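Single-structure report; data block below.
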Amino acid sequence: MIMGLSVKPAGTHSTLLDIGAVLARLAERRSCRDYDGSPMDPAEVDAIIRDGLEAPSSCNHQNWHFVVVSDPELKRRALEISGGNHHFAHCSVIIYLCFQKGWTHDKFSIVQSVAAACYHMLLSAHLRGFACIWNAGIGDTTKIADMLGIPPIFEIQGALCLGHERTTAPRMKAPRRPLEWVRSWNRFARPEVTIYPAKPARAYPFAAISNARNPFAVWNPKAWGWERIADFRGFAVWNKSPLAGVYRWRRQAAAMEVEVATLPDQRGGQRLLEVLPWGGTYTAMLRRRFGPEVHLHLAELSLHNHSFIAERIRQEGLSSVNLYHDLWSGGKLPYPDGLFDAAFLPEVLEHMPELEAVLDEVARVLRSGGSAVVSVRNRWSRYGWHYTFVQSRAQVTNAGPFSPLSSFAVRRALARRFQLAEEFGISLAVSDEATRIDGIGRFFSRLFVARAVKV
């Protein structure tokens, strides 16, 4: 007996607690980015943190510290510092996860300790009926430390958001890989498609790799191949919740309206193809412009991404009528010849292992007189230099591997298959703005855009 409780030997079945039911309840926990802004009782917050303190810590030093932020102005500032975590402003509290530096030991044991406490808090919050999310991307930690008075001897490891989810929040849990893919007995074994490429090296020291600089990263999609790219998109696409009008690439956001506007008008009953959709952002814009009377087909490499896009469309309040989620693989589009009146490929050709084969497929599925609108990030631009000397030296983004393409090469490839009806550039700057560039400057703009017609 311990404190009046009956302790059962390991391996026996409990008659007091349905372990399966508890584990099933814990497995329902999902990350929430859509909060209603209502406050939490501070006693509830403290209870959740107290539960986290039951987690193991390296050598039992418990050198963790948790800074709770509930002040609306501080949360708004936290949002600004994060660079886009809009839920920071709407959750009830942000709990910054900290630890004292100098006690990391080998294998980042104190980091693991804080992570264990964080997960314990996540489960506690979930069981208590609160929504939650853990965030590694929190922005410049020196600014956070200055805002909260955190001394430099303490590291800010991440942030935990707690609160009440909105009634309209997505009820989706990101997919998990099958057990057989991620577990092996007695020796390492894993499907090749789930092992992403890395540059050959004798060793891959952990300390040499970061998001900002990864000397082993492989950005060329040809080295990945179709199956690995499909796997990557199927899981990494879930890096954001499918909320309406929130998550867009800041670098390209202003250009999206220009790209969509380049498509010719479509009448009811006509068919439009979007190739490799971007999490539903362009899809929502196409649906708003053309309405459900136009049949919109989405050619995607992953069923998981299709599920994400379907929820995004629902969150946007748009109709799913005449919206088709089509799966393709190996560069072969799953459609008969001449089915489509138009095809839309915004900033996706640079993500594909086989440019020429994909354009052959687009030409095949377009009817005579049909239009293909293509945009690509241009190698021969200021952005192209930025990609070569800055971006591609970092870790591959959750959007997947890509290599900017030569505007001249793309133009030649289109001209071999189509009649070029319109071509221009978008912006001579590295990012953000979307000035249209005509004349010779189109070949040196950040984006090269062309509308091509099948004759």
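Any read-out appearing in this document is the output of simple, stated calculations on the displayed coordinates, not a laboratory observation. As the structure is a prediction and not an experimental result, all values here were calculated from the model. So basically every Cβ, Gly included, is an ideal-geometry build from the backbone, and we count neighbours across all protein chains shown.
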Expected sort for 259-266, 18-25, 281-288 on mean C-beta neighbours within 10 Å, highest first, is 281-288, 259-266, 18-25
Grab the Cα-Cα distance for residue 435 and residue 140, subtract it from 0.36 nm times how many residues apart they are, and report the gain in nm with one decimal. 103.2 nm
Per residue of the stretch 442-455, in order, report the coupling 6.51 cos²θ - 1.76 cosθ + 1.60 (Karplus, θ = phi - 60°) as ³J(HN,Hα) in whole Hz, putting x for Gly and Pro. 4, 7, 10, 7, 4, 10, 9, 10, 9, 10, 10, 10, 7, 9
Looking at the stretch 29-163, what % of its DSSP beta bridges pair antiparallel, to the nearest 5? 95
Taking 0.36 nm per residue of separation between residue 357 and residue 107 and subtracting their Cα-Cα distance, the length gained on full extension comes to 85.5 nm
Using unit Cβ charges (K, R positive; D, E negative) and no other charged atoms, how large, in debye to the nearest 20, is the dipole of the stretch 314-455 about its Cα centre? 340
Which value in Å does the Kirkwood hydrodynamic radius of the stretch 29-163 take, with 1/r averaged over all unlike C-alpha pairs and then inverted? 14.9
What is the spin-label model distance, in nm, from residue 47 to residue 220 if the labels are put 7 Å beyond Cα along the C-beta direction? 5.8
Taking K and R as +1 and D and E as -1, what net charge do the other residues with C-beta under 13 Å from the C-beta of residue 290 add up to? +1
By the Kirkwood definition, with r running over pairs of different Cα atoms, the chain has a hydrodynamic radius in Å of 24.7
Apply 1/(1 + (r/R0)^6) to the Cβ-Cβ distance of residue 227 and residue 27, taking R0 = 35 Å, and write down the FRET efficiency to the nearest 0.05. 0.80
Theoretical gain in end-to-end length, residue 419 to residue 325 [0.36 nm per residue, Cα-Cα removed]: 30.9 nm
Using amide H atoms built in the peptide plane, which far-off residues or other-chain residues are under 5 Å from residue 35 H to H? 166
Residues whose built amide H sits under 5 Å from the amide H of residue 278, excluding neighbours closer than 5 in sequence, are 283
Roughly how many debye, to the nearest 20, is the charge dipole of the stretch 29-163 about its Cα centre, given +1 on each Lys and Arg Cβ, -1 on each Asp and Glu Cβ, and no other charges? 280
Placing +1 on each Lys and Arg Cβ and -1 on each Asp and Glu Cβ in the chain, then taking the dipole about the Cα centre, the residue among 37, 230, 455 whose Cα reaches farthest towards the positive end is 455
May I ask you to sort 335, 119, 383 by Cβ crowding, counting other Cβ atoms within 10 Å and putting the fewest first? 119, 335, 383
Residues whose modelled amide H sits under 5 Å from the amide H of residue 65, counting only those 5 or more places away in sequence or on another chain, are 98, 99
Which part of the stretch 104-123 falls in the paramagnetic zone of residue 210, meaning amide N under 14 Å from the point 7 Å along Cα-to-beta-carbon? none
With the crude spin-label approximation of a point 7 Å out along Cα→Cβ, what separation in nm comes out for residue 382 versus residue 195? 4.3
Across the chain, qualifying lysine pairs (alpha carbons under 17 Å, at least 8 places apart or different chains) come out at 4
Mind ranking 149-155, 73-79 by how tightly packed they are, going by the mean number of other C-beta atoms within 10 angstrom, highest first? 73-79, 149-155
Share, in percent, of DSSP beta bridges within the chain that are antiparallel, nearest 5: 65
Taking R0 as 56 Å, what's the FRET efficiency between residue 202 and residue 76 from their Cβ-Cβ distance, rounded to 0.05? 0.70
Assigning unit charges at the beta carbon (Lys, Arg +1; Asp, Glu -1) and nothing else, what dipole magnitude in debye, to the nearest 20, does the chain show about its Cα centre? 980
Quick check: net charge around residue 215, other residues with Cβ under 13 Å of its Cβ, Lys/Arg +1 and Asp/Glu -1? +4
